[in-house]
Amino acid sequence: MAHPQRAGSAASLRAMERILAARGLPVVPEDITDDPSDTNPGDRQWHIRARADYALSRWSAATPPRYRDAEATLPEVMAWADRALADNAAAGALLLTGQTGTGKTHEAYGALRKVAAGGPDRFEVITVNSADMYGRLRPSQIMGAAERELRRLSEVQYLLLDDLGTAKTSEWTEEVTYRLVNARYNRCLPTIITSNLPARDEHGPDLSDFVGARVASRLAEMVTSLVPMIGADRRRGGRAA
Ligand SMILES: Nc1ncnc2c1ncn2[C@@H]1O[C@H](COP(=O)(O)OP(=O)(O)O)[C@@H](O)[C@H]1O
Ligand SMILES: [Mg+2]
């Protein structure tokens with residue numbers, strides 16, 4: 001026996017058709033297909049592709065020409081991107097360390113590209129070199145401009161902070177870094193950091209020395225993937241090991 005409610009709605013649908021037909025308004029059944037092709041807007045794959053196209057255009061806008069072809073190559077980096085795609089709040093930070101020319105920035109842009117290509121629900125990204133960031137955050141003539149910039153960096157969904165640790169450290173850089181990292185830590189926002197400094201080095205300068213103890217302790221908790229990159233300087237024609 002048919003479900004009474006269903007039977008009822010089918011009957012009222014037929015009644016509606018009769019009324020519309022009487023008024024000269026024929027009911028044209030919509031052309032609904034179950035065609036699983038990704039050219040069909042009703043298909044799940046179509047939606048993922050549409051979101052990926054949109055996210056990739058945002059990625060391109062945030063990516064300088066040198067890194068337009070960047071693809072993540074390291075399994076840890078690709079795994080981080082997959083985690084970010086699956087659950088934004090659980091991705092935490094990806095920290096890429098290593099000497100200059102080892103491909104940190106390339107992997108970082110590649111990771112963001114992989115997230116975008118996966119067709120995320122939303123995709124907002126800011127990429128900034130840390131020296132430029134400190135430059136932008138210096139108290140300016142324009143009232144509140146630096147505060148607004150800090151808020152933008154603190155709240156954006158994805159942030160790539162490139163080359164942390166190369167600027168000259170001061171109480172001020174420490175304070176700015178603290179406010180930024182603390183804000184992103186509290187909001188559980190995915191963050192990619194690259195640095196020429198090792199995460200820890202008992203015998204020499206490391207990232208903890210640069211950022212200070214408060215930031216180091218938050219970073220230690222945020223970082224879900226620490227990738228020390230080795231190899232020769234690619235800019236001098238060397239090959240990564
Ligand atoms: N996996 C890669 N494939 C091709 N080119 C790469 C790769 N990694 C880095 N490069 C290139 O090598 C150069 C140095 O890489 P980069 O990411 O800027 O190094 P780092 O940020 O560690 O100083 C850049 O020109 C970059 O485009
Ligand atoms: Mg770099």
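Here are a few things to note about the model shown:
- Here r is the Cβ-Cβ distance between residue 90 and residue 142 and R0 is 35 Å; the resulting FRET efficiency, rounded to 0.05, is 0.40.
- Candidates 13, 226, 137, ranked by Gaussian network fluctuation over the chain, Cα under 10 Å, top entry: 13
- Tilt relative to the chain, helix 213-222 - C-alpha long axis, 0 to 90 degrees, to 10: 40
- Legend: Rg and Dmax of the chain, from Cα coordinates, 25.3, 90 Å.
- With Cα atoms, 0 to 90° folded angle of helix 4-22 axis to the chain main axis: 70
- Value at 222 nm in deg cm²/dmol, rounded to 500, when DSSP H runs of n ≥ 4 in the chain each add -39,500 (n - 2.57): -15000 deg cm²/dmol
- The GNM of the chain, with springs linking C-alpha atoms under 10 angstrom apart, assigns the highest mean-square fluctuation among 14, 152, 218 to 14.
- Residue 234 versus residue 174: modelled label distance in nm, points set 7 Å from Cα along the beta carbon direction: 3.4
- Added length on full extension, which subtracts the Cα-Cα distance from 0.36 nm per residue, residue 10 to residue 71: 16.6 nm
- Straightening the chain between residue 121 and residue 182 buys 19.4 nm, computed as 0.36 nm per residue apart minus the Cα-Cα spacing.
- Counting beta carbons within 10 Å around each of 121, 53, 43 and listing the fewest first gives the order 121, 53, 43.
Since every read-out is calculated from the coordinates, none of them should be taken as a lab result. The structure displayed is predicted, hence computed values, not measured ones. Counting neighbours? That spans all protein chains shown, and the Cβs are built from the backbone with ideal geometry, glycine included.
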